[in-house]
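The values are calculated or read from the model by the stated rules, or taken from the named source; none is laboratory data. Values in this document were obtained by computation on a predicted structure and should not be read as measured data. All Cβ positions, glycine included, derive from the backbone under ideal geometry; neighbour counts span all protein chains shown.
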């Protein structure tokens, strides 16, 4: 079924549906989900930008951190007495 609605009629219908949906006592009921589907056809949401690709994090290799606490910035060995 295709309704031929003017822009004014479509906006009035969308406002009424939005009001009914917002004030619904049971927002997950079949009736409200059906009305929300009708509203989505009248007012489709804009397409969202795709999410950026996920970053891959890897643990540091053992060679980079081994013994780093024993040396000063100049390569000198610390001796505690």
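Identify, please: which residue in the range 1-17 is assigned to a helix (DSSP H, G or I) and touching a helix residue (DSSP H, G or I) at 6+ places or on another chain (Cβ under 8 Å) and is, among those, surrounded by the fewest Cβ atoms within 10 Å (Cβ to Cβ)? Spell out the reasoning first.
Quick first cut of the range 1-17, residues assigned to a helix (DSSP H, G or I) only: 7-17.
Remaining after also requiring touching a helix residue (DSSP H, G or I) at 6+ places or on another chain (Cβ under 8 Å): 10, 13-14, 17.
Working: 10: 13, 13: 16, 14: 16, 17: 18.
By that ranking, first place goes to 10.
Residue pairs whose Cβ atoms lie under 6 Å apart, separated by 6 or more positions or on different chains, with the first residue in the range 4-18 and under 12 Å from residue 41 (Cα atoms) and the second assigned to a loop (DSSP other than H, G, I, E, B) and at pLDDT below 90, are 14/43.
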